[in-house]
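These notes concern the structure reproduced below.
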Amino acid sequence: MSTSINGMKRTDYCGDLRKTDVGREVVVNGWCDRVRDNGGVLFLLVRDRAGVVQCTFDKSVNAELFQVAFGVRTEFVIAVRGKLVARDDAAVNTKMPTGEVEIMAEELRILSKAETTPFEISDEKEVGDQIRLKYRYLDLRRPSMQRNLMLRHRVTQIARNYFDEKGFLEIETPMLTKSTPEGARDYLVPSRVHAGKFYALPQSPQQYKQLLMLSGIDRYLQITRCFRDEDLRADRQPEFTQIDLEMSFVEQDDVIAVNEGFLQRVFKEALGVDIALPLPRMPYEEAMNRYGSDKPDVRFGFEICDVSDIAQKCSFKVFHDTVENGGTVRLINVDGYADQFPRKEIDKLAEFVKTYRAKGLAWMKLASDGSMTSSFAKFLTEEEIEAIKTRANAKAGDLLFVVADADRDTALISLGALRCELAKRLGLLRKDDYKLLWVTEFPQFEYSEEEDRLVAKHHPFTAPMEEDLELLDTNPRAVRAKAYDIILNGCELGGGSIRIHDAALQTRMFRALGFTEEKAQEQFGHLIAAFSYGAPPHGGLAYGLDRLCMLLAGHDSIRDVIAFPKVQNASDLMMSCPDVVEQKQLDELSIAIVHTEDEV
RNA sequence: GGCCCGGUAGCUCAGUCGGUUAGAGCGCUAGCCUGUCACGCUAGAGGUCGUGGGUUCGAGCCCCAUCCGGGUCGCCA
C-alpha cells in the first residue's frame, strides 16, 4: 500500500470545515485524534493544526475500507477522502467547531503508523513538565500549544507590520560578539582561529543598535534572540527573544508614543481587546512607595502606606527603634478580607515575607464582628492604634500587615511581594484584565554589594534627566535616568531609555561608575570613538516577546510560548544538551577540561 | 549558593501507625456492539515505589546521601 501523499493531498484543514462546505468532496491530512468504534460504524477524528473533524466509516457501505479504518490507532498519520455531509440534528456535536458536519469516507490512506505515545495528546489531561519537554514534539501537537505558537507568530507579524509602517528598518546584528563585564553572565563561544579568545553571545543588541543610529539608520527594529547565563525562572530562559527597537532625534515621549500605538494594535489584533491611550505613567519612586515594586500590579489595591511617624512616637520598641535608627515602618490594608485569614495563615505569611529579608510581620486583624486581635496593639496606646487605623483607612473586616525595617527597600519590597501573594491567594488576579502602565524616572545608579560600588541600573549609556545632571558628581544616587519600563499586570514587558549621545557626558558617566580612563577605553573604546564622529540624540526600547506572548496567552510560564524551551538547570531534556564533545573539537579550540575533585 | 514542594503502572494520582499479594482513573491490548462524540460493555497485560546506603524481624512510608523536575531568594547592566 502506498504511503505517499500522491492523490490524497489536502483540500481543506480539518478544523476549517463548516456547514457551508457541505456537498463538496474533501481530502484531509492529519493525525488520528481518536477512534470511536461502534461495531458496524466507526468514527475517526482527524486532527491538524486548524482543529478536528469527524470521518465516518460504515461497514455495510464498504467493508474493505472499514477494515482499513479498523486498523487505525491514535496518532497514526492518515489521509481521508470523502464527501462532506451535514450531520442529523440529533448527531450535531455543539462542543466542536466542526460539529455540524462530518466526512463520509470513501478512501483512507495510512501515511504513517505510530507507537502509543507516552502521554495522551489532549488539553484535557495535565502532564508534568519533565515528560512534556522530553517529548516536546508531541506536546506541541496539543491544540493549546499550537494556539500559543500561532499567537506568537501573530504578534511578531503585527510588530513587523506596525514598525514597518512607522518607518523602522529591520536589521540583523551579530550573534558572535564581545563579552562585556557589566550586566549578566555571558554565554561564551571559543574561537578556533584565535586560540584562548572568546566571542560572547549577545545579552541584547544594545551597542549595535546605538551604532546604527550613529550610522543614520534613524529607526531600527529587530526581533532577535538574546542570551543570559543566569538562573532560570518561570519568566526567564537562558535564550529569549526581544522585539528590539531604536529611534533617532527623539525624546522619551516620542518613544513612548510609538510604542503605545504598537501595544494598542497588538491587543486589538491578537486578542480583540481595546486599550485606552495614553497609558498611565508612574515614577519609580511612587511605584516603590505605593506598591513596593518597580513593576507594580495595579489590578488590585492593598497599597502600601507609611506609618513611620506614628511608629516613631510609640513605645513599642521594634517600631520606635527602627524609625529612630533611620528605618521605616509601612503597612498594607487587606481591606475586607480579615475573616479569611486565621492565625495559622497569618503565620505562614510571616514566613513568606522572610524570604524577602523582612525580619518579621506584625499584624492587626479587625474582624467583621468588631473584635480586634493584633501582634503589636498591646504595646500601643489607644490614640496610637487609632492613628494607625485612620492612616490605613481601616474598618471592621480589614487586616493590616506591618513591616518595620532599617532598610526602606526591604520593607517596601517584602510588603509589595506580600500584596501580590495575597491577591493570588484571594483569587483577585484576572488574567483577562490587562493593566498596562509605564514606570519612569528610574534611578540612574544602584549600589552593588558584590562590587562595593555604584553600577548602572539600566546600562551605562542611559541618559540622566537634565534636572538631575548637577547631582552626577555630588550625589549620584539621587540622579534619575531617562529610563522607562512598560509593565503589564506586575510583569516587566519591556524597558528602554534615552541614550547619552554626548561624548563628554558619557565620560562623566563612566567616571561616576568608577571606570578609569583606561578601563573605559579598553571596554568601550569603539563606542567612545564612534560618538566622537557625530551622534544624533536617540533612544529605544526592547520588549520581552516571550513574556508578552505568555500574558496574551494567559499562561504562567514563558516555556508555554517557546517551542523548545530549557528546564531550570538550563538543559534541553529532548536534545540532552549541553553535552560533552569530542576531544578533537576541544583540541582545535585549545580548550582543556579541568575536573574538580568532587566531580570524580 | 540558600529555602520550599514533588518523584509510586505509559500518563495523572491515592497509599492510614512501619506489617499479608502496592491500588484507582485514563491510556494500552483482545473480544462484543451500526450514529458515537470523554461512546459503551466484557476480559487482560502492565510496577527496580527516582538512585545508593542505613535503621528494623519487617521500609513505598523512618534516617543519611545523591540525581531529576517545579517554584522562589540571591543573581538577572
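Between A:Ala257, A:Ala276, A:Ala270, the distinction of being out of contact with any helix residue (DSSP H, G or I) (no Cβ under 9 Å at 6 or more places or on another chain) and open to solvent by 10 Å² or more (accessible area, probe 1.4 Å) belongs to A:Ala257 only.
Results for (1) surrounded by 15 or more Cβ atoms within 10 Å (Cβ to Cβ); (2) under 22 Å from A:Asp572 (Cα atoms); (3) not small (Gly, Ala, Ser), shown as yes or no for each residue.
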site	(1), (2), (3)
A:Gln130	no, yes, yes
A:Arg141	yes, yes, yes
A:Gln146	yes, yes, yes
A:His153	no, no, yes
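Taking first residues from region A:35-59 that are within 18 Å of A:Arg141 (Cβ to Cβ) and without any contact (Cβ under 8 Å) to a residue 24 or more places away in the chain and partners that are within 6 Å of RNA strand B (Cβ to nearest atom) and open to solvent by less than 40 Å² (accessible area, probe 1.4 Å), the Cβ contacts under 7 Å between residues at least 6 apart in sequence or on separate chains come to A:Leu45/A:Gln54. Looking across A:Thr74, A:Thr94, one residue alone is within 14 Å of A:Asp33 (Cβ to Cβ), out of contact with any helix residue (DSSP H, G or I) (no Cβ under 7 Å at 6 or more places or on another chain) and of a type in the set (Val, Ile, Thr). It is A:Thr74.
For region A:33-69, the tally of residues that are in contact with an Asp or Glu (Cβ under 6 Å, 6 or more places away or on another chain) and more than 6 Å from RNA strand B (Cβ to nearest atom) stands at 4. Number of residues in region A:465-521 that are touching a strand residue (DSSP E or B) at 6+ places or on another chain (Cβ under 6 Å), open to solvent by 10 Å² or more (accessible area, probe 1.4 Å) and among the small types (Gly, Ala, Ser): the value is 2. Only one of the numbered conditions (1) away from RNA strand B (no atom under 12 Å from the Cβ); (2) part of a loop (DSSP other than H, G, I, E, B) is not met by A:Asn569, and that is (1).
Please go through region A:350-359 and give me each residue that is more than 13 Å from A:Leu412 (Cα to Cα) and assigned to a loop (DSSP other than H, G, I, E, B), ordered by number. The answer is A:Thr355, and nothing else.
On inspection, A:Tyr533 passes the criterion of being loosely packed, with under 13 Cβ neighbours inside 10 Å and out of contact with any helix residue (DSSP H, G or I) (no Cβ under 6 Å at 6 or more places or on another chain). If you check A:Asp579, A:Asp560 for being within 13 Å of RNA strand B (Cβ to nearest atom), in a loop (DSSP other than H, G, I, E, B) and either of a type outside the set (Lys, Arg) or touching a strand residue (DSSP E or B) at 6+ places or on another chain (Cβ under 9 Å) (or both), only one passes: A:Asp579. Of all the listed residues (A:Glu441, A:Glu451, A:Glu421), the sole one being touching a strand residue (DSSP E or B) at 6+ places or on another chain (Cβ under 9 Å), within 16 Å of RNA strand B (Cβ to nearest atom) and open to solvent by 20 Å² or more (accessible area, probe 1.4 Å) is A:Glu441. Taking residues in region A:344-360 that are closer than 17 Å to A:Ala404 by Cβ and open to solvent by 70 Å² or more (accessible area, probe 1.4 Å), and partners anywhere that are among the charged types (D, E, K, R) and away from RNA strand B (no atom under 13 Å from the Cβ), the pairs with Cβ atoms closer than 7 Å and at least 6 places apart or on different chains are A:Lys359/A:Asp405.
Counting only helices (runs of 4 or more DSSP H) wholly contained in region A:200-311, the ones carrying 3 or more residues that are free of Cβ contacts under 8 Å to residues at least 60 places away in the same chain occupy A:252-266. Pairs are defined by a Cβ separation below 8 Å, a sequence spacing of at least 6 or placement on different chains, a first member in region A:452-469 that is within 14 Å of A:Thr440 (Cα to Cα), and a second member that is within 13 Å of RNA strand B (Cβ to nearest atom) and aromatic (Phe, Trp, Tyr); the pairs so defined are A:Lys457/A:Phe442; A:Lys457/A:Phe445; A:His458/A:Phe442.
Flag: A:Ser557 matches the condition of being of a type in the set (Ser, Thr, Tyr), touching a residue at least 12 places away in the same chain (Cβ under 8 Å), open to solvent by less than 50 Å² (accessible area, probe 1.4 Å) and within 30 Å of A:Ile256 (Cα to Cα). When region A:454-464 is filtered for residues that are within 6 Å of RNA strand B (Cβ to nearest atom), buried (at least 18 other Cβ atoms within 10 Å of the Cβ) and among the aliphatic types (A, V, I, L, M), only A:Ala456 remains.
Under the condition of being in a helix (DSSP H, G or I), in contact with a helix residue (DSSP H, G or I) (Cβ under 7 Å, 6 or more places away or on another chain) and open to solvent by 30 Å² or more (accessible area, probe 1.4 Å), the residues counted in region A:314-334 number 2.
Please go through region A:22-32 and give me each residue that is touching an Asp or Glu at 6+ places or on another chain (Cβ under 9 Å) and farther than 19 Å from A:Leu140 by Cα, ordered by number. A:Val22, A:Arg24, A:Glu25, A:Val26, A:Val27, A:Val28 - these are the residues of region A:22-32 that are touching an Asp or Glu at 6+ places or on another chain (Cβ under 9 Å) and farther than 19 Å from A:Leu140 by Cα.
Could you please let me know if A:Arg192 is open to solvent by 70 Å² or more (accessible area, probe 1.4 Å) and within 20 Å of the chain's Cα centre (by Cα)?
no
Scanning region A:226-247 for residues that are away from RNA strand B (no atom under 16 Å from the Cβ) and open to solvent by 10 Å² or more (accessible area, probe 1.4 Å) turns up nothing.
Condition first: open to solvent by 10 Å² or more (accessible area, probe 1.4 Å), assigned to a loop (DSSP other than H, G, I, E, B) and in contact (Cβ under 8 Å) with a residue 60 or more places away in the chain. Now tell me which residues in region A:379-408 satisfy that. A:Leu380, A:Thr381, A:Asn393, A:Ala394, A:Lys395, A:Ala406, A:Asp407 - these are the residues of region A:379-408 that are open to solvent by 10 Å² or more (accessible area, probe 1.4 Å), assigned to a loop (DSSP other than H, G, I, E, B) and in contact (Cβ under 8 Å) with a residue 60 or more places away in the chain. Do we have A:Gly39 as surrounded by fewer than 16 Cβ atoms within 10 Å (Cβ to Cβ), in a loop (DSSP other than H, G, I, E, B) and at pLDDT below 95 here? Considered against the rule, which asks whether it is surrounded by fewer than 16 Cβ atoms within 10 Å (Cβ to Cβ), in a loop (DSSP other than H, G, I, E, B) and at pLDDT below 95, A:Gly39 comes out as yes.
The values are calculated or read from the model by the stated rules, or taken from the named source; none is laboratory data. Nothing here was measured: the structure is a model prediction, and the numbers come from that model. Cβ atoms come from the backbone with ideal geometry, glycine included; neighbour counts cover every protein chain shown. To get the accessible areas, we keep the full protein, side chains included, count just its heavy atoms, and leave off ligands, DNA and RNA. Shrake-Rupley method; radii C 1.70, N 1.55, O 1.52, S 1.80 Å.
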